[in-house]
């Protein structure tokens, strides 16, 4: 299934995090936290401002982003680890 988010919404697929601690201990799935970084897979057309103009989003498809652990809404129909959120919930873009 494909999705096209509306306005200032963004769809992010969570990136897999390391399952091993710094000391070499393997962390089981039940104890692992949800990843707080992901890759943008779809973006809306932009935020509608009070004067009616549309402001383009700063993120684009393919950007790796950082967001808080509890932001967005999980979308089960698109697969494991897919989250829809407002662009304002994104903390920053991860640059290589």
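Here are a few things to note about the model shown:
- Residues of region 74-90 that turn out to be more than 10 Å from the chain's Cα centre (by Cα) and either over 21 Å from residue 2 (Cβ atoms) or surrounded by fewer than 11 Cβ atoms within 10 Å (Cβ to Cβ) (or both), as a count: 5
- Checking 38, 52, 46 one by one, the residue that is out of contact with any helix residue (DSSP H, G or I) (no Cβ under 8 Å at 6 or more places or on another chain), in contact (Cβ under 8 Å) with a residue 24 or more places away in the chain and either surrounded by fewer than 13 Cβ atoms within 10 Å (Cβ to Cβ) or over 15 Å from residue 4 (Cα atoms) (or both) is 38 and no other.
- When residues of region 81-96 are limited to those that are free of Cβ contacts under 8 Å to residues at least 60 places away in the same chain and in a loop (DSSP other than H, G, I, E, B), the one nearest to residue 43 (Cα to Cα): 95
- Screening region 1-16 for residues that are exposed (fewer than 13 other Cβ atoms within 10 Å of the Cβ) and farther than 13 Å from residue 87 by Cα and picking the one that is modelled with the highest pLDDT gives 4.
- Residue match in region 56-73 (condition: assigned to a strand (DSSP E or B) and closer than 11 Å to residue 9 by Cβ): yes
- Looking only at region 56-73, residues that are within 12 Å of residue 7 (Cα to Cα) and either under 17 Å from the mean Cα position of the chain (by Cα) or touching a residue at least 12 places away in the same chain (Cβ under 8 Å) (or both) come to 1 in all.
The values are calculated or read from the model by the stated rules, or taken from the named source; none is laboratory data. Please read these numbers as outputs of a predicted model, since none were measured by experiment. A quick note on method: Cβ atoms are made from the backbone with ideal geometry, for glycine too, and the neighbour counts reach across all protein chains shown.
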